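A.B. asks: Below is a structure I'd like to ask you about.
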Amino acid sequence: MNSSDDPFEAELRALGESLHVPPPPPAMADRVLTALREPAPQRRFTTKRLAALVAAFLVVLIAATPQGRAAVAEVLRFAGVEIEVGGSAPLPSGSPSPLPAETSAALAEAREAVAFPLVVPAALGEPDQVTVADGGQVVSMYWDGIRLDQYDGSLREVWHKELGEPFPQQTWLGTTSGVWIPQQHGIEYLPSAGGTPVSLRLAGPTLIWQLGRVGLRLEGVPDLEQAKKIANSAR
């Protein structure tokens with residue numbers, strides 16, 4: 001069969017012609033072009049980097065167009081978070097459950113307990129409280145009304161979110177793609193050992209992004225620009 005006779009390819013071409021996706025920031029285009037111009041032995045275009053670029057493209061596609069939203073059947077996976085979107089997702093009620101084996105720790109102890117690098121937003125300063133959960137799979141930092149979760153977002157989904165409308169918004173932190181969820185929504189934790197997820201709790205507005213292998217979710221900052229300012233100060 002010729003490629004022109006492949007109905008799946010024909011559908012993809014038709015979808016591509018019907019989509020209008022806003023371009024990413026110019027810096028992203030320059031970065032990709034620079035990487036492509038590198039000689040093959042020096043180019044470090046790993047599977048993880050490819051997956052990250054594909055995820056970023058999906059975020060743009062989903063956030064920008066109704067066609068894109070329909071194409072992914074209302075499920076988005078990005079930076080270790082699975083986001084399920086439905087028009088009437090109910091908000092959870094009741095007291096939130098702690099994460100598995102969640103314990104308080106000093107920041108220095110938390111750094112030693114995990115296998116990934118931790119960052120602290122300079123815009124917030126030292127956290128008021130730090131917890132380590134699920135055998136070092138997740139570190140949560142707390143300030144007044146603000147929570148920052150850090151976890152290995154490169155291997156599996158760690159969080160599951162259930163959203164009603166509006167659909168999550170694609171945003172950029174410099175050249176890093178992120179997802180902004182402006183409304184309250186349900187969230188549950190998916191334990192590393194499998195089994196029953198930790199029950200849904202009510203989460204506030206959340207910014208999700210990834211730094212290398214580390215997934216981050218910043219919760220409790222209602223303004224996107226302020227959330228981006230905090231995220232960009234993470235060191």
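A.B. asks: Inspect the range 115-129 for any residue being within 22 Å of Ala193 (Cβ to Cβ), in a strand (DSSP E or B) and not small (Gly, Ala, Ser) and give the result as yes or no.
C.D. replies: Checked against the condition, which is being within 22 Å of Ala193 (Cβ to Cβ), in a strand (DSSP E or B) and not small (Gly, Ala, Ser), the range 115-129 yields no hits at all.
Residue by residue, here is whether (1) in contact with a strand residue (DSSP E or B) (Cβ under 7 Å, 6 or more places away or on another chain); (2) open to solvent by 40 Å² or more (accessible area, probe 1.4 Å) holds:
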{"residue": "Gly125", "(1), (2)": "no, no"}
{"residue": "Asp128", "(1), (2)": "yes, yes"}
{"residue": "Gly145", "(1), (2)": "no, yes"}
{"residue": "His185", "(1), (2)": "yes, no"}
{"residue": "Pro222", "(1), (2)": "no, yes"}
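A.B. asks: Can you name every residue in the range 134-168 that is under 12 Å from the mean Cα position of the chain (by Cα) and at pLDDT 85 or above?
C.D. replies: Asp149, Gln150, Tyr151, Asp152
A.B. asks: Is it the case that the range 223-231 has a residue that's under 17 Å from Gly178 (Cβ atoms) and part of a strand (DSSP E or B)?
C.D. replies: The answer is no; no qualifying residue exists.
The values are calculated or read from the model by the stated rules, or taken from the named source; none is laboratory data. None of the values given here were measured: they were computed from a predicted structure. So basically every Cβ, Gly included, is an ideal-geometry build from the backbone, and we count neighbours across all protein chains shown. What goes into the accessible areas is simple: the full protein's heavy atoms, side chains included, and nothing from ligands, DNA or RNA. Shrake-Rupley method; radii C 1.70, N 1.55, O 1.52, S 1.80 Å.
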